[in-house]
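What follows is one structure encoded as C-alpha cells, with my remarks underneath.
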Amino acid sequence: SRDRAGEVAGRTTVGADPVRDRLSRGRSVADRVRSYNRDMLTTPPLSLYVHLPWCVRKCPYCDFNSHEFRGEGGRGALPFDAYVDALIKDLDFDLPLVWGRTIQTVFFGGGTPSLFPPGAIDRFLQLASARLRFAPNAEIT
C-alpha cells in the first residue's frame, strides 16, 4: 500500500515529489552530488566597491559613513593621496581572500565621488590593477 509520502515498502516512488522527480530524472545520485558540489563551489562574479566618504554637505537622511567637506576656508583640502594609500593598504590586507579571481566591476561610491580628482581615481585604479586581475571589459563607475 502507498502512504501519503508516496512510499511503497520503504522506497520513494516516482510521483511522490514532482519537483524532485523532475530534477533527478535520469541522473544518478553521484551525478547529482557532483553537480551540487560544483554549484556550491562556483564563486560569484567579483566586484570592488571603493568608498569615498566626503560630501559637499551631509544629507539629513543619509546613514552612510560620509563626512561634509569643509575646504576652502574650513579644515583644508581633502587628503586624497593619504586616502588612496589607506585604500591600497586595506586592499593588500584582503588580497589572499580573492587570489586568482577577476574583478568584473569597480564602483566608486559613498559620499560624492566626484569630489576626488581624476588623478587620485587613476592612481587608485593603477595601484589596484597592479595587485588584482581586472577583466578586459570591467565596468568602472
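The values are calculated or read from the model by the stated rules, or taken from the named source; none is laboratory data. Nothing here was measured: the structure is a model prediction, and the numbers come from that model. Ideal geometry is used to build each Cβ from the backbone, glycine not excepted, and the neighbour counts take in all protein chains shown. With ligands, DNA and RNA removed, areas are computed over all heavy atoms of the protein, side chains included. Shrake-Rupley method; radii C 1.70, N 1.55, O 1.52, S 1.80 Å.
Under the condition of being open to solvent by 80 Å² or more (accessible area, probe 1.4 Å) and part of a strand (DSSP E or B), the residues counted in the range 122-139 number 4. Scanning the range 50-72 for residues that are part of a loop (DSSP other than H, G, I, E, B) and surrounded by 14 or more Cβ atoms within 10 Å (Cβ to Cβ) turns up Pro53, Lys58, Ser66, Phe69.
Taken together, Asp94, Asp85 contain a single residue that is closer than 23 Å to Pro44 by Cβ, out of contact with any Leu (no Cβ under 7 Å at 6 or more places or on another chain) and either without any contact (Cβ under 8 Å) to a residue 24 or more places away in the chain or not polar (S, T, N, Q) (or both), which is Asp94. Taken together, Leu52, Leu48 contain a single residue that is in contact with a Pro (Cβ under 7 Å, 6 or more places away or on another chain) and of a type in the set (A, V, I, L, M), which is Leu52. Residues in the range 89-121 that are open to solvent by less than 80 Å² (accessible area, probe 1.4 Å) and over 25 Å from Glu68 (Cβ atoms): Leu91, Asp92, Asp94, Leu95, Val98, Gly100, Arg101, Thr102, Ile103, Gln104, Thr105, Val106.
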